[in-house]
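Comments concern the structure below.
What follows draws every value from the coordinates through simple rules; no lab data is involved. Predicted, not measured: the structure shown is a model, and the values here were computed from it. Heads up, the Cβs are rebuilt from the backbone with ideal geometry, glycines too, and the neighbour counts pull from every protein chain shown.
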Amino acid sequence: MQQLPFFYFGGVALLCAVLVIVFRNAIYSAMALLGMFAHVAGLFIVLDAPFLAGVQLLVYAGAILVLYLFVVMLLNVGGRGPALHKQAPAGIFLALLAIGELGYLVFRSHFYPKLPAIPHPDVPTLGNTETIGMVLYTQYLFPFEVASIVLLIALVGAIVMARGRTKFRQE
Amino acid sequence: MVPLSWYVVLSALMFMTGLVGVLIRRNIVVVLLCIEIMLNAVNINFVAFSDYLHLIDGQIFVFFVITVAAAEVAIGLGIIISLFRLKESVNMDDYNLLKL
């Protein structure tokens with residue numbers, strides 16, 4: 001009975017992921033992706049990571065997906081024409097190769113059962129969000145700063161690329 | 001209790017779904033959506049291992065993966081809009097600018 005949430009969230013997330021590549025219309029694909037994000041957030045709650053579940057819903061479903069929908073509606077791309085491109089047979093061959101390799105890796109691996117938590121009687125236990133904040137601003141401070149630079153570069157790059165005809169592109 | 005291997009198998013299946021989508025779909029917006037599926041599959045793996053090993057570091061990495069995904073989406077959609085302006089199309093078959 002404890003496995004029921006895993007099967008529900010995992011199964012629906014996988015189903016939505018398959019629907020993303022099955023739907024011909026890009027809007028439907030984006031909607032299926034929304035369902036996948038929501039159920040992956042549910043999996044995070046099952047796995048004791050409620051902070052990440054909130055971030056997943058806010059950032060992925062709230063920001064990234066809206067950006068996708070804006071672009072799909074802006075470009076007005078319908079589901080016309082074939083869904084697969086011309087070199088799809090080669091792609092399917094490569095995908096089968098990768099699936100075989102990954103299946104081999106998974107079934108050759110040994111998994112250990114869940115480790116018991118190490119008890120620290122003199123350290124007060126913090127919540128999930130507090131622990132992430134503590135570790136993020138001490139041990140991972142430098143990657144955190146690098147992430148802010150990555151976001152700044154992405155901001156400037158997106159504006160430059162989506163802005164259109166600039167001086168250096170005129171011949 | 002759900003064993004760790006089930007999460008790994010689920011994550012592998014979702015990653016493969018995303019990979020197949022990237023390799024075969026014609027619409028470039030859907031290809032970018034499939035990259036998101038792959039990133040989410042990796043995130044499930046990170047959080048599952050973080051829970052089973054009682055280490056918070058996996059969740060920190062998911063945080064960074066989400067940051068990079070947001071940056072990637074902004075840049076990727078900028079490239080798509082730029083390509084659409086150039087070619088009037090979102091199909092992979094029409095993008096042959098680098099072909100000799």
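What the table below lists for this structure:
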| read-out | value |
| --- | --- |
| Principal axes of chain B: Cα extent on each, largest first, Å | 52, 24, 21 |
| GNM top mover of A:A30, A:A49, A:A63 - chain A, alpha-carbon springs below 10 Å | A:A63 |
| Span-rule helices in chain A, defined as complete DSSP H runs reaching 27 Å or more along the axis (Cα) with Kyte mean at least 1.6 | A:26-46, A:141-162 |
| Ranked list, fewest to most other Cβ atoms within 10 Å of each Cβ, for B:K87, B:K99 | B:K99, B:K87 |
| Shape parameters for region B:29-77, alpha-carbon atoms, Rg then Dmax in Å | 12.1, 38 |
| Order of B:Y7, A:Y28 under a 10 Å beta carbon neighbour criterion, fewest first | A:Y28, B:Y7 |
| 222 nm mean residue ellipticity, helices alone, for the protein assembly as shown (DSSP H n ≥ 4; -39,500 (n - 2.57); rounded to 500) | -24000 deg cm²/dmol |
| Chain lengthening between A:L96 and A:N128 when straightened (0.36 nm per residue, less Cα-Cα) | 7.6 nm |
| In degrees, nearest ten, helix B:4-24 long axis to first principal axis of chain B (Cα) | 0 |
| Angle in degrees between helix B:57-87 and the longest Cα principal axis of chain B, rounded to the nearest 10 | 10 |
| Kirkwood Rh and Cα Rg combined as Rg/Rh, region A:8-119 | 1.07 |
| Descending semi-axes in whole angstrom, ellipsoid equivalent of the protein assembly as shown, from the Cα gyration tensor | 35, 24, 16 |
